[in-house]
Amino acid sequence: MAALHEMTLTEAADRLARGEMSSRELTRACLDRIETVERSLGAFLSVDADGALAAADAADAARQKGEVAGRPLLGVPLALKDVLAERDRPLTCGSRILENFVSPYDATVVERLRRAGAVFLGRLNMDEFAMGSSTENSAFHPTRNPWDPDRIPGGSSGGCAAAVAAGECLASIGSDTGGSVRQPASFCGVVGLKPTYGRVSRYGLVAFASSLDQVGPVTRTVEDAAQLLEVIAGHDPRDSTSLPDPVSAYSRALTGEVRGLRIGLPREYQVSGLDPEVKVAVAQAVDVLAGLGAEVKEISLPHTEYAVAAYYIIAPAEASANLARFDGIRYGVRREGADPIALYRATRGAGFGLEVKRRVILGTYVLSSGYYDAYYLRAQKVRSLIRQDFLRAFEEVDVVATPTVPTTAFRLGEKSSDPLQMYLLDICTLSCNLAGICGISVPCGFSKDPRLPIGLQLLGRPLGEETLLRAAHAYQSATDWHRRRPPLESRGAG
Ligand code: GLN
C-alpha cells in the first residue's frame, strides 16, 4: 500500500470503501505525519486531533451500518484554510484581531463537505485576511515550502498547499481572490482550482474582496479537484452571488480526450521577469497537450498589463469596506478607549498587521470623494475590458494556457520590504478573478538548482469547469510531475 503521503483522495476513498483501511487508521496516519513534519513546516494554525478522530470513528461506524449513500468523502481527512467558518473551531484569518474567535456556525462549503462524510484535521495558515502571496503576512508564524524550507510556500493559501504537498492531509480547501489557491499550488507542486465566480457558495467565507472571492480545492491530482468541486459547488440561497446553474458530474468529464481542443497562448503573458525555466516548462506542457491532439494557437489578451493596477485598486477598495466590521464591538479582540473612536483606533491599530492596514488605507483612499472616479471607477472600466478580452478569446479557443507564476518560490523575507514586487508577481493569476472565469494550476516541471516546482495555469470559460478539468486531467495522465513528492524524509520525517 502506498504511504499515506503518496495517496490521492480518490485512492483513499476507494480503499475506505473496499474496507482495506479504516478512517481511524487514515486519520491517525495524517495526525502522525503532522506531528513529524509540522515543526519544520508550520502549515497549521491549529490541529483538532480529538475532533478528527471522533469524526473518523463516526465515519467508520456509519460505513459498518451501510450509511454510505451520497457520502463520497466518508472518512476522508481534509483541512481547511483558516478563513472558512467551521462550527466550534477557531476562525482567525491569520489575524490577531480574531485571535481566540471561535466560529458559531459552518460555512456552506464546510456543511457540504461534512454531509459528504469528510473529517476535518485542523485550520491552515494563511496571509492575514488572505492578503498576500507568501503566507509571511500571517500574524502567527510563516509557513515553509516543503521543497525547500528557506522558501515561502506561496499565498495566501500557503498552509493549504504546503500541507497537501507534505502529506499532512489528503486535500485542503482554500480561497482565491487574485490567485491564492493557484499560486501556492504552483509553488508547492500540487493542483489548485479556482472555480467560476459564483460556482461555490461564499457563505461562511470571511470576505476579502467580495466581487473576486471564490473558494477552491488544493489537491494532488485533477481527479481529486473534480471530486471536491462536485461536492462543494452549487446554488446556495444564503449567498446571493451563487449561481443557480446545475452542478456537472465533473469527475465523469475526465475522459482523457483532448483531440480538437483549442488552446490559446496569450502573447501578453510572456511577461518581463518570466524565468526562462518556467517559460520552457510551460511550453513543453503545451507541447504535451498538442501531442495528445489539441490545437494550439497564439491569441491576444490586450489589457493584461493593466490587471495588477486594476486589481490593487478594486481588491483594497472592497477590503476596506469588508474589514470595517472588525471594530472591537461585535467580535474578536477589543482594546478599550475613552470613547468609541478611541476604542476603534486602539483595536484596529493593535489587531491588524501592516499589509492589512496598507490595504485599508489604499482602499479608503481610492473610494474617497474626488478620487473615486479617477481610481475606482476607472479600475472597474479596465476590469470590463479584461473580461471582454477573455470572452472574445473564448470564441476562438476552449482554454488559455499560461504560467501560473512567472517564477518559482522565493526566499522567506526576500520580498517583504517591497510590497510592489510581491504584487507584480500576481500578474498571471489576477485576470481570472477580475474576469470571473475559472482557472487551474497543475505541476508541469521543476527548476534545476534549486529544484522547485513549476505550475501550468489553464483558464476556462465562465462555468467551463468540465472542459478545464478534462484538459488538465489529460495533461496529468500523460505526465508524472504530480507524483513527485518533496524530500522531507531526508530531514527525519516518516
Ligand atoms: N496575492 C493577492 C493579494 O495579495 C491575491 C490574494 C488572494 O487571492 N487572496 O491580494
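The values are calculated or read from the model by the stated rules, or taken from the named source; none is laboratory data. Worth saying up front: this structure is predicted, and the values here are computed from it rather than measured. Methodologically, a virtual Cβ is constructed for each residue, glycine included, from the backbone with ideal geometry; neighbour enumeration extends over all protein chains shown. To get the accessible areas, we keep the full protein, side chains included, count just its heavy atoms, and leave off ligands, DNA and RNA. Shrake-Rupley method; radii C 1.70, N 1.55, O 1.52, S 1.80 Å.
Here's a check for you: in the stretch 140-159, which residue that is within 25 Å of D32 (Cβ to Cβ) and open to solvent by less than 10 Å² (accessible area, probe 1.4 Å) is nearest to the ligand (Cβ to nearest atom)?
Going through the qualifying residues, I end up with S157.
Please state which one of R358, R348, R335 is in contact (Cβ under 8 Å) with a residue 12 or more places away in the chain, open to solvent by 20 Å² or more (accessible area, probe 1.4 Å) and in contact with a Ser or Thr (Cβ under 6 Å, 6 or more places away or on another chain).
R335
With the structure loaded, tell me whether S240 is open to solvent by 10 Å² or more (accessible area, probe 1.4 Å), free of Cβ contacts under 8 Å to residues at least 24 places away in the same chain and over 24 Å from Q476 (Cβ atoms) or whether it fails that test.
Yes; evaluated as a whole, the condition is true for this residue.
I'd like to know if the stretch 160-169 contains one or more residues that are open to solvent by 10 Å² or more (accessible area, probe 1.4 Å), out of contact with any Phe, Trp or Tyr (no Cβ under 9 Å at 6 or more places or on another chain) and either more than 27 Å from I361 (Cβ to Cβ) or more than 9 Å from the ligand (Cβ to nearest atom) (or both). Reasoning before the result, please.
Just the residues of the stretch 160-169 that are open to solvent by 10 Å² or more (accessible area, probe 1.4 Å), to begin with: none.
So far as the stretch 160-169 goes, no, none of its residues is open to solvent by 10 Å² or more (accessible area, probe 1.4 Å), out of contact with any Phe, Trp or Tyr (no Cβ under 9 Å at 6 or more places or on another chain) and either more than 27 Å from I361 (Cβ to Cβ) or more than 9 Å from the ligand (Cβ to nearest atom) (or both).
Quick test for you: out of G189, G216, G179, pick the one residue that is farther than 24 Å from E111 by Cβ, within 12 Å of the ligand (Cβ to nearest atom) and buried (at least 24 other Cβ atoms within 10 Å of the Cβ).
Going through G189, G216, G179 in turn, the sole match is G179.
Of everything in the stretch 428-456, what is assigned to a strand (DSSP E or B), under 13 Å from the mean Cα position of the chain (by Cα) and not hydrophobic (A, V, I, L, M, F, W, C)? Give them in sequence order.
Within the stretch 428-456, G439, S441 meet the criteria.
E295 versus (1) under 22 Å from F390 (Cβ atoms); (2) open to solvent by less than 60 Å² (accessible area, probe 1.4 Å): which is the lone unmet condition?
All conditions pass for E295, except number (2).
If I ask for residues that are among the β-branched types (V, I, T), more than 26 Å from the chain's Cα centre (by Cα) and away from the ligand (no atom under 16 Å from the Cβ), which ones from the stretch 353-389 would you list?
T364
Among the residues of the stretch 64-78, is any in a helix (DSSP H, G or I) and open to solvent by 30 Å² or more (accessible area, probe 1.4 Å)? Reasoning before the result, please.
To start, the set of residues in the stretch 64-78 that are in a helix (DSSP H, G or I) comprises 64.
Checking the rest, the ones that are also open to solvent by 30 Å² or more (accessible area, probe 1.4 Å) come to 64.
Yes, the stretch 64-78 has at least one match.
Are any residues in the stretch 364-413 open to solvent by 70 Å² or more (accessible area, probe 1.4 Å), touching a residue at least 24 places away in the same chain (Cβ under 8 Å) and either in contact with a Ser or Thr (Cβ under 8 Å, 6 or more places away or on another chain) or in a loop (DSSP other than H, G, I, E, B) (or both), and if so, which ones?
T364
With respect to L434, determine if the residue is open to solvent by less than 10 Å² (accessible area, probe 1.4 Å), away from the ligand (no atom under 16 Å from the Cβ) and not small (G, A, S).
Spelling it out, it is not the case that L434 is open to solvent by less than 10 Å² (accessible area, probe 1.4 Å), away from the ligand (no atom under 16 Å from the Cβ) and not small (G, A, S).
Give the stretch 330-352 a look and list any residue that's away from the ligand (no atom under 16 Å from the Cβ) and either under 20 Å from T177 (Cα atoms) or touching a helix residue (DSSP H, G or I) at 6+ places or on another chain (Cβ under 8 Å) (or both), or say none.
Within the stretch 330-352, Y331, G332, V333, R334, R335, E336, G337, T347, R348, A350, G351 meet the criteria.
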